[in-house]
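See structure below.
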Amino acid sequence: MCALAMLAATADRTTPLVVQASRPAVNRTLTAVPGIKVGHYTLAERPTGCTVVLIESGATAGVDVRGAAPATRDTDLLSPVKMVEQIFGVALSGGSTFGLSAGDGVLRYLEEKNVGIVYGNRHIPIVPGASIFDLGVGDARIRPTADCGYRAAQAATSAPVAEGSIGAGAGATLGKIAGMEHAMKSGVGTAAIEMPNGLIVAALVIANPLGDVIDPADGRIVAGARNGSGRGFADARRLVRSGAPRVRIGDNSTIGVIATNAKLTKAQASYLAQMTDDGYARAIWPIHTIVDGDTVFAIATGTRTGDPDMITLGSLAADVMATAVIRAATEATGLPNYPAVRDLK
């Protein structure tokens with residue numbers, strides 16, 4: 001099933017889902033990959049928070065950073081030429097560089113569980129992370145801390161992942177190329193596909209781009225900069241091509257995780273992250289700008305042995321990431337001045 005078919009199959013949450021008692025609902029989120037848990041924690045004081053991905057048994061990982069304004073931690077460790085071979089979590093948060101401290105809470109949680117690289121009589125968890133810039137939504141003095149990361153880790157489960165304006169996506173917005181006054185609400189999105197041979201590829205994203213979210217099937221704007229009436233779209237493509245002057249650029253960055261049960265080397269994981277970035281490019285316009293900090297972490301649990309088909313794996317990864325971006329837009333809940341897709345209907 002292609003990613004857009006999965007989107008169509010799951011987008012209408014108002015339609016009753018009929019499931020036979022002997023057949024549990026299929027998990028089409030990041031936790032479809034065995035061994036992965038996801039937890040959210042949303043701050044009550046303002047729309048922001050943390051989303052934590054845990055792989056307590058360890059996983060091979062890579063990363064690709066395309067945006068020119070990233071807020072990241074420990075991404076150098078994921079280079080194929082660095083010593084560390086496994087990670088045990090990924091900390092995603094709001095709060096820009098301030099929010100990177102959420103990773104400290106994840107480290108504490110995993111250390112308490114004796115998870116990590118063994119060093120003497122201690123365990124050292126490796127937990128890279130990234131943050132979106134959401135300081136313009138509410139009081140910028142309120143941002144995720146280490147406690148936020150710890151609570152998100154405590155909440156992590158292997159159940160299907162909750163989507164929308166939650167966790168690190170609580171303060172996410174999109175369509176800011178015409179200014180924040182024309183932006184829309186975004187959030188967390190996730191998607192997954194399982195092939196007949198048992199290969200699983202899944203994505204989770206916090207979509208907070210400068211640009212519009214586009215359906216790659218037909219080029220239709222799913223969500224983006226609103227026009228003067230506030231009920232339609234200005235179309236970032238038309239604005240840029242018209243040469244219209246831009247106002248102050250908003251608060252951006254799209255950060256996400258691609259996961260698979262395939263067995264990969266660090267070099268292959270890094271290449272998978274690069275191919276996954278194509279999913280951003282298919283579903284967001286413009287993308288990877290000088291004011292975006294777009295980042296993809298790739299995780300390979302290795303429970304499915306055998307030589308990976310990197311062409312198939314990378315193609316599926318871009319596909320499910322594009323679907324996850326669309327879901328981040330369509331599953332969001334609006335805030336004052338930042339309507340969601342559902343508010344425009």
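The values are calculated or read from the model by the stated rules, or taken from the named source; none is laboratory data. Since the structure is predicted, the reported quantities are computational estimates derived from the model, not experimental observations. Positions of Cβ are generated from backbone atoms using ideal geometry, with glycine treated the same way; all protein chains shown enter the neighbour counts. We work out accessible area using only protein heavy atoms, side chains counted, and drop any ligands, DNA or RNA first. Shrake-Rupley method; radii C 1.70, N 1.55, O 1.52, S 1.80 Å.
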Subset of region 150-165, residues part of a loop (DSSP other than H, G, I, E, B) and surrounded by 21 or more Cβ atoms within 10 Å (Cβ to Cβ), comes to A156, V161, E163, S165
Yes or no: V53 under 20 Å from K263 (Cβ atoms), touching a Gly at 6+ places or on another chain (Cβ under 9 Å) and not basic (K, R)?
-> yes
Looking only at region 202-213, which residues are within 23 Å of V137 (Cβ to Cβ) and not in a loop (DSSP other than H, G, I, E, B)?
-> L204, V205, I206, D212, V213
From the list A168, A178, pick out the single residue that is among the aliphatic types (A, V, I, L, M) and either over 23 Å from A322 (Cβ atoms) or assigned to a strand (DSSP E or B) (or both).
-> A178
Note: among A324, A332, A318, just one is closer than 18 Å to P47 by Cα and either open to solvent by less than 10 Å² (accessible area, probe 1.4 Å) or not basic (K, R) (or both), namely A332
Has region 184-201 got any residue that is outside any strand (DSSP E or B) and crowded, with 21+ Cβ neighbours inside 10 Å?
-> yes
Residues that are modelled with pLDDT under 95 and surrounded by fewer than 18 Cβ atoms within 10 Å (Cβ to Cβ), drawn from region 242-289 = S242, G243, A244, P245, R246, V247, R248, I249
For R143, are the conditions met, namely being in contact with a Gly (Cβ under 9 Å, 6 or more places away or on another chain) and not in a helix (DSSP H, G or I)?
-> yes
State all residues of region 122-173 that are of a type outside the set (G, A, S) and closer than 20 Å to A69 by Cα; if no residue qualifies, say none.
-> P128, I132, F133, D134, L135, V137, R143, P144, T173
Count, please, the residues in region 290-307 that happen to be part of a loop (DSSP other than H, G, I, E, B), open to solvent by 20 Å² or more (accessible area, probe 1.4 Å) and in contact (Cβ under 8 Å) with a residue 60 or more places away in the chain.
-> 2
Among residues belonging to region 71-129 that are within 20 Å of the chain's Cα centre (by Cα), part of a helix (DSSP H, G or I) and among the charged types (D, E, K, R), point out the one that is surrounded by the most Cβ atoms within 10 Å (Cβ to Cβ).
-> D104
Checked region 310-345 for anything in contact (Cβ under 8 Å) with a residue 24 or more places away in the chain and not in a helix (DSSP H, G or I); matches are E331, A332, T333, G334, L335, N337, Y338, P339, A340
Of the residues A262, A178, A244, which is within 26 Å of L335 (Cβ to Cβ) and among the small types (G, A, S)?
-> A178
Collect the residues in region 213-242 that are within 16 Å of T289 (Cα to Cα) and out of contact with any helix residue (DSSP H, G or I) (no Cβ under 9 Å at 6 or more places or on another chain), keeping them in residue-number order.
-> A236, R237, L239, V240, R241
